[in-house]
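A.B. asks: Quick one: the structure is below, questions incoming.
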Amino acid sequence: NDITKGIPLNTGSAAIAWIEITAEDDSGEVNLLVSQTHVNGSAFLVGTTTVKYVFADPSGNAANCEFTVTVREVDGISPVVTGCPSGIARLIPSDTGSTGIAWIEPMATDNSGVVTLQSRSHVPGQLFLVGTTTVRYVFSDTTGNTATCTFEVMVTEGVDNTPPVITNCPSSGITETVPLGVEGRLVGWSELIATDNSGTVRLKSRTHGSGDFFPIGGTTVRYVLEDPTGNEATCTFDVTITAVDNVPPVISNCPMDITVTATAGATSASVTWDEPRVSDNSGIVTVESRTSTPGSTFPVGVTPVSYVFRDPGGNTATCSFNVTVRVDGGITCPTAVVTGVQFIPIYFDIGDGSGSPVTGDTYLPSKILFTGLEGRIVEFSASQDRYAIYGEGGIFTVTVTAASSGLTGFCTFIMEII
């Protein structure tokens, strides 16, 4: 017999099996099958396919068997309804008798991609009498599967003393910020949503609307909503605008590093400078801290100095520099222009005032530094406690610095190499 098989939607094909076909002949021959279009258990596509077996005996007598295999995709899945109302209740004034009721209609989807609204008992906005009425929607797909949305509309007559219900009043308030110097900003919020047993709510009044401009400070916003009977619901919240200063003060004259030379034998020196000037967009700046003031006494060596300024917004700006106090170690440089290639006497007095060379580590090359002679050769003569300078000709301003016994000194002279 012909074979029909249903398969799920979008499957495409199915394996079809049948009781194997055989033939008998008076010749007694067992192997009579000559050909067959399909093998038992083969996959068959959606649609109708003819299967044919051909049998023949040794004398050439033939017998055929033909049947059809029909594969149909069957949709056994009903549409899915979304947005079906859970029920609607309305209170209307006495002796009114009926009222119009509106709702958002439900929708449906289906795996076939096609859904039709087969029927609905009522439409949004239709008049409903006092009492309970069942509303029914029926959706169907192309295969005939159906899905239903059913809900009840209950209309009651009486006195309405129930105010509307506001569901999204921002009662905790709204806070926004603006940069310092800006007068305010536009502020938005989701417009209020309210429900009522009458089904109707209107905006009676409001002090401000979403998107209005609000100045610096706090502003109270008030909405009043009412139903047809005059019952009111109120939403009140504050909008606060705060000016925020994120700009640090500006320092205009932070001193560069300062180096002073104290007299031989001194252990400190008084150092002065012009204090930094500062401004701010707020107009107010305070000195939060400073490590030293002009005219302070600084010990020999390097001392960091810092100023920290702060504005009312808590933003800070820092001015930092170093104060270096050096002790004149009594280095004696030539007093006239030195010409030619020669040994240069450099005397270093550690503070005893003798002006005589101090032997030993005083003249070690690691203790004496020449600047201004870049690219020239400086050689130390241990036998004479002198330095020889060689190189390409020119006139140079030479600075010599030296250190010994914890003291430092420097001198400058002009040298011409020919």
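A.B. asks: Please specify each residue of segment 304-342 satisfying the condition of being at pLDDT below 95 and among the hydroxyl-bearing types (Ser, Thr, Tyr).
C.D. replies: If the condition is that a residue be at pLDDT below 95 and among the hydroxyl-bearing types (Ser, Thr, Tyr), then THR324, THR332, THR335, THR339 are the ones that fit.
A.B. asks: Considering SER78, SER27, SER59, which residue is part of a loop (DSSP other than H, G, I, E, B), closer than 30 Å to PHE151 by Cα and hydroxyl-bearing (Ser, Thr, Tyr)?
C.D. replies: The match here is SER78.
A.B. asks: If we scan segment 247-257, do we find a residue that is within 30 Å of VAL165 (Cα to Cα), out of contact with any His (no Cβ under 8 Å at 6 or more places or on another chain) and assigned to a strand (DSSP E or B)?
C.D. replies: no
A.B. asks: A further question on this structure: Are any of the residues in segment 129-136 over 27 Å from PRO8 (Cα atoms), surrounded by fewer than 14 Cβ atoms within 10 Å (Cβ to Cβ) and among the basic types (Lys, Arg)?
C.D. replies: Yes, there is a match, as at least one residue in segment 129-136 is over 27 Å from PRO8 (Cα atoms), surrounded by fewer than 14 Cβ atoms within 10 Å (Cβ to Cβ) and among the basic types (Lys, Arg).
A.B. asks: Pull out all pairs, ordered by first then second residue, where Cβ-Cβ is under 8 Å, the residues are six or more apart or on different chains, the first lies in segment 270-295 and is closer than 24 Å to ALA243 by Cβ, and the second is assigned to a loop (DSSP other than H, G, I, E, B) and aliphatic (A, V, I, L, M).
C.D. replies: VAL278/VAL285; SER279/VAL285; ASP280/VAL247; ASN281/LEU180; ASN281/VAL247; SER282/LEU180
A.B. asks: Sort out which residues of segment 190-208 are assigned to a loop (DSSP other than H, G, I, E, B) and either at pLDDT below 95 or among the β-branched types (Val, Ile, Thr) (or both), and write them in order of number. Explain how you work it out, then say what you get.
C.D. replies: First, pick out the residues of segment 190-208 that are assigned to a loop (DSSP other than H, G, I, E, B): 190-193, 196-201, 207-208.
Answer for segment 190-208, where residues must be assigned to a loop (DSSP other than H, G, I, E, B) and either at pLDDT below 95 or among the β-branched types (Val, Ile, Thr) (or both): SER190, GLU191, LEU192, ILE193, ASP196, ASN197, SER198, GLY199, THR200, VAL201, THR207.
A.B. asks: Now for a separate question. Could you tell me whether segment 105-114 includes any residue that is of a type in the set (Asp, Glu), under 47 Å from the mean Cα position of the chain (by Cα) and modelled with pLDDT of 95 or more?
C.D. replies: Our first condition is that a residue be of a type in the set (Asp, Glu); within segment 105-114, this holds for 105, 110.
This time we only want the ones that are under 47 Å from the mean Cα position of the chain (by Cα), so: 105, 110.
Remaining after also requiring modelled with pLDDT of 95 or more: 105.
Yes; the residues of segment 105-114 include at least one that is of a type in the set (Asp, Glu), under 47 Å from the mean Cα position of the chain (by Cα) and modelled with pLDDT of 95 or more.
A.B. asks: What number of residues within segment 204-233 are touching a residue at least 24 places away in the same chain (Cβ under 8 Å) and either closer than 15 Å to GLU191 by Cα or surrounded by 14 or more Cβ atoms within 10 Å (Cβ to Cβ) (or both)?
C.D. replies: 14
A.B. asks: Looking only at segment 124-162, filter to residues that are among the acidic types (Asp, Glu) and within 49 Å of the chain's Cα centre (by Cα); which one of those is nearest to SER86 (Cα to Cα)?
C.D. replies: GLU152
A.B. asks: Considering only residues that are of a type in the set (S, T, N, Q) and surrounded by 15 or more Cβ atoms within 10 Å (Cβ to Cβ), look in segment 269-295 and name the one that is nearest to VAL325 (Cα to Cα). Steps first, answer last, please.
C.D. replies: The initial filter retains those residues of segment 269-295 that are of a type in the set (S, T, N, Q), namely 270, 272, 279, 281-282, 286, 289, 291-293.
The next check asks that each one be surrounded by 15 or more Cβ atoms within 10 Å (Cβ to Cβ); those that pass are 281-282, 292.
Working: ASN281: 37, SER282: 38, SER292: 15 Å.
Across segment 269-295, the extreme among qualifying residues is SER292.
A.B. asks: Any residue at all in segment 181-189 that is in contact with a Phe, Trp or Tyr (Cβ under 7 Å, 6 or more places away or on another chain), in a strand (DSSP E or B) and among the β-branched types (Val, Ile, Thr)?
C.D. replies: For segment 181-189, residues in contact with a Phe, Trp or Tyr (Cβ under 7 Å, 6 or more places away or on another chain), in a strand (DSSP E or B) and among the β-branched types (Val, Ile, Thr): present.
A.B. asks: Follow-up question, since we're still on this one. Given the structure, is SER94 in a loop (DSSP other than H, G, I, E, B), in contact with a strand residue (DSSP E or B) (Cβ under 9 Å, 6 or more places away or on another chain), in contact (Cβ under 8 Å) with a residue 60 or more places away in the chain and more than 30 Å from THR195 (Cβ to Cβ)?
C.D. replies: In short, no.
A.B. asks: Among the numbered criteria (1) part of a loop (DSSP other than H, G, I, E, B); (2) in contact (Cβ under 8 Å) with a residue 40 or more places away in the chain; (3) closer than 30 Å to ILE241 by Cα, which single criterion is violated by ASN111?
C.D. replies: Of (1) part of a loop (DSSP other than H, G, I, E, B); (2) in contact (Cβ under 8 Å) with a residue 40 or more places away in the chain; (3) closer than 30 Å to ILE241 by Cα, only one is false for ASN111: (3).
A.B. asks: Also, I was wondering about something else. Are any residues in segment 244-255 modelled with pLDDT of 95 or more and either surrounded by fewer than 16 Cβ atoms within 10 Å (Cβ to Cβ) or among the basic types (Lys, Arg) (or both), and if so, which ones?
C.D. replies: VAL250
A.B. asks: Limited to segment 209-229, what total is found for residues that are out of contact with any Pro (no Cβ under 8 Å at 6 or more places or on another chain), within 20 Å of THR167 (Cβ to Cβ) and assigned to a strand (DSSP E or B)?
C.D. replies: The qualifying residues number 4.
The values are calculated or read from the model by the stated rules, or taken from the named source; none is laboratory data. Note that the coordinates shown come from a computational prediction; the quantities given were computed from them, not determined experimentally. We place every Cβ from the backbone using ideal geometry, glycine too, and count neighbours over all the protein chains shown.
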